[in-house]
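Quick notes on the structure that follows.
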Amino acid sequence: MKWSKGIIFALSAMMLLAGCGSKDNSGSSDQIKVKPIEEGDYETILGQESNQARILNNKSSGSMFDVYEIGKGLQELAKAHFSADSYQVQEGQLLTYSSLAASQNGLLGNQSDDNKTGLNPKVGEAFDLGNGDTTDDPFILTGIQEIDFLQNGDLSGVAIAMVMRQEWYEDHESGLYQVKKEMTDEKFRLFGEEAARKLVNYLRALPEVGDEMPIYVALYNANSADDTLPGHYFAEGYFVSRSTNFEDIDEQWYIFPSDAGSEIDSVTAGRMDTLKASLYDQLPENIGVVGKGKYVDKELRQLHITITMDAKTYVECSAIVHYTLSLMKDFNQDDYAINIEVYSNKDLIATMVRAENESDFTTHLML
């Protein structure tokens, strides 16, 4: 178990950033290669012109947790086609703010006479939701995230996340209340696949991409069972031309405690209950314990635990952090990653991280 004070942690982070960058001799002298923090991740290229399209990412997702999960998940999924040993990644450079923004007749806009490339259906025409219901104001595709893959400084592949919403609320025609609109799974999947093929055709027309560059597309459902949870990827396609078949992705987030969490994983649900009860016995005043688990093919892959309390002294804070760490021995399966954040009076006071296939936690006490 490794401990460090907050100041030492901050200095270490700055040293890491300073030490892991190197100039890219194959390209611009302003480009920096940043080594991955974790083994198996991509080396990242910094120094490209910042793409303002990233502003749209914050607007298209419910929270920053969603934004990060979309980007991180896209990189992980793309590794099946773009090996981290052979490719470097950089922020997307192809899709600009103006080419995406609905307000500028971009890809995220609705199809119209003025917007031939809009990927959302036309406004004012009944769009079938697959369940007997329709909408005449369809805004289903809410965001597009792009990651570029480089080899020897040259663009060699593209990964795209298409962020969509399967359900939403619209004003009733009376204007007095709202009604829920929801697409069936089949209709939602079909829409996503069709939009993806149109987007690939759009990219193929760009001189930087052409007809043969591999393009990976993953479809992301921004809706979730709980507002505090991110959405999930549900389908993927790998394009080496202009068409491909899409395959299922089985991933989902669950919150603990919840009935759905207990149903998918009663063992982890029981461990979370025990953790909360044990902490409550030591500090019953306003202590909260919430877990968020990511499941891939029905197996737990990531567990995020947030502990909140109103400790009155340093001794209480330190003791709870130590005690929490001792309780984590019950989470003895090492085939998933664990990330714990401890807050006191809304201030982050400690983090505990255990990587996948590791047994020990790295702990930082920020007091």
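Once you list every other residue whose beta carbon is under 12 Å from the beta carbon of D250, what net charge do they have if Lys and Arg are +1 and Asp and Glu are -1? In short, -3. Of interest is the spacing of the C-alpha centroids, which for segment 233-279 and segment 73-92 amounts to 22 Å.
Non-local lysine pairs in segment 31-165, meaning eight or more places apart or on different chains, with alpha-carbon distances under 21 Å, amount to 5. Computed log10 I(q)/I(0) for segment 135-250 at 0.18 Å⁻¹: -0.93, from the Debye equation with unit scatterers placed on every C-alpha and solvent omitted. Summing charges over all other residues whose Cβ lies under 12 Å from the Cβ of S359, with Lys and Arg as +1 and Asp and Glu as -1, gives -3.
Seen from W168, the other residues with C-beta closer than 13 Å to its C-beta sum to a net charge of -3, counting Lys and Arg as +1 and Asp and Glu as -1.
The angle separating the long axis of helix 314-327 from the principal Cα axis of greatest extent in the chain is about 70 degrees.
For segment 220-333, the normalised intensity computed at q = 0.20, 0.22 Å⁻¹ comes to -1.07, -1.20 (log10 of I(q)/I(0), Debye sum over alpha carbons, equal scatterers, no solvent). Built from the Cα atoms of the chain, the convex hull projects on average onto 21.3 nm², one quarter of its surface area. Between E173 and D128, the C-beta separation translates, for a Förster distance of 25 Å, into a calculated FRET efficiency of about 0.85. When the chain is treated as a Gaussian network with alpha carbon springs shorter than 10 Å, the biggest mean-square fluctuation among D211, D281, D171 belongs to D171.
Averaged per residue, the chain has 52 square angstrom of accessible surface, using a 1.4 angstrom probe with ligands and nucleic acids left out.
The values are calculated or read from the model by the stated rules, or taken from the named source; none is laboratory data. None of the values given here were measured: they were computed from a predicted structure. Every residue, glycine as well, gets a Cβ built from its backbone with ideal geometry; the counts of neighbours run over all protein chains shown. The area values use the complete protein model at the heavy-atom level, side chains included, leaving out ligands, DNA and RNA. Shrake-Rupley method; radii C 1.70, N 1.55, O 1.52, S 1.80 Å.
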